[in-house]
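The values are calculated or read from the model by the stated rules, or taken from the named source; none is laboratory data. The shown structure was predicted, so the numbers you read here are calculated from the model rather than taken from an experiment. Cβ placement follows ideal geometry from the backbone for every residue including glycine, while neighbour counts extend to all protein chains displayed.
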Amino acid sequence: MSFWKSLDSVKSLFLLCLVMAVAGGCGTLGPATTVEEPPPPQLGLMPGDTLMVSYRGPGAPDDFSAKIRDDGYITVPPAEIGSLFVQGKSVSEVQKELQAEIDKYYRQLVVTVNDVRFFYVRGYVNGQNRLQYQENLTLLSAIAAAGDFATFANKSRIELNRDGKKYYLDAELARKDPSYDFRIYPRDEIFVPRRNF
């Protein structure tokens, strides 16, 4: 008798789970997919970020990379300038300020500062990687840059980690409607999970 009661309990649990799955899952999918664009992160430069700096003009120093120190400064040639505080500033602000410093000593030198920050794509993609950030990057172009989806990737439950918060994005929806192909920013971490069968 207890065997049949146990069997009835299993059947009841299965039917309940089936009903819940139709209604949205047995609680295994986690939070709902984000339908509004996640807020942009803090975009100011931070210690550990790297900038590429080049000068053009007579007697220009060689191009160089400058890693932002823990105190928020970068060291830049020529010696007359030495250091520049850049933490919290945008790349364009740094370029403008560095150009103003250069103009005090070398009127014919033109400065260009480029962003060398990264974003990350892990999980079920063909080329998991740390990738250099490019302007106007979106979810789909970030996945493409990482070698596209691997077999068994869950394209509709992509995890985005930004500023310590998690968001769930849907690449299938983004393919159908570009308004859901949300922007990706420096330091974003994208994780593509395996789909459940």
Counting only residues that are at pLDDT 90 or above and either among the basic types (Lys, Arg) or exposed (fewer than 10 other Cβ atoms within 10 Å of the Cβ) (or both), which one in the range 40-70 is nearest to PRO193 (Cα to Cα)?
-> LYS67
For the range 88-140, enumerate the residues that are without any contact (Cβ under 8 Å) to a residue 12 or more places away in the chain and under 17 Å from the mean Cα position of the chain (by Cα).
-> GLN134, GLU135
May I ask you to say which residue of ALA153, ALA174, ALA142 is out of contact with any Cys (no Cβ under 7 Å at 6 or more places or on another chain), closer than 23 Å to THR50 by Cα and modelled with pLDDT of 95 or more?
-> ALA142
In the range 114-136, which residue that is at pLDDT 95 or above and among the aliphatic types (A, V, I, L, M) is nearest to GLU172 (Cα to Cα)?
-> VAL125
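Only residues that are closer than 20 Å to GLY44 by Cβ, in a loop (DSSP other than H, G, I, E, B) and in contact with a strand residue (DSSP E or B) (Cβ under 9 Å, 6 or more places away or on another chain): list them for the range 56-89, please.
Restricting attention to the range 56-89, the residues satisfying the condition of being closer than 20 Å to GLY44 by Cβ are 65-76, 83-89.
Cutting the leftovers down to in a loop (DSSP other than H, G, I, E, B) gives us 68-72, 86-89.
Result: ILE68, ARG69, ASP71, GLY72, VAL86, GLN87.
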Test: residue in the range 152-172 that is within 20 Å of LEU43 (Cα to Cα), among the hydrophobic types (A, V, I, L, M, F, W, C), within 17 Å of the chain's Cα centre (by Cα) and assigned to a loop (DSSP other than H, G, I, E, B) = no
Tally time: how many residues in the range 125-150 are farther than 14 Å from ARG187 by Cβ and in contact with a Phe, Trp or Tyr (Cβ under 8 Å, 6 or more places away or on another chain)?
-> 8
Scanning the range 108-124 residue by residue, those part of a loop (DSSP other than H, G, I, E, B), in contact with a Lys or Arg (Cβ under 8 Å, 6 or more places away or on another chain) and farther than 12 Å from PHE191 by Cβ turn out to be LEU109, ARG117
Residues that are under 23 Å from GLN134 (Cβ atoms) and part of a loop (DSSP other than H, G, I, E, B), drawn from the range 173-197 | ASP177, ASP181, PHE182, ILE184, TYR185, PRO186, ARG187, ASP188
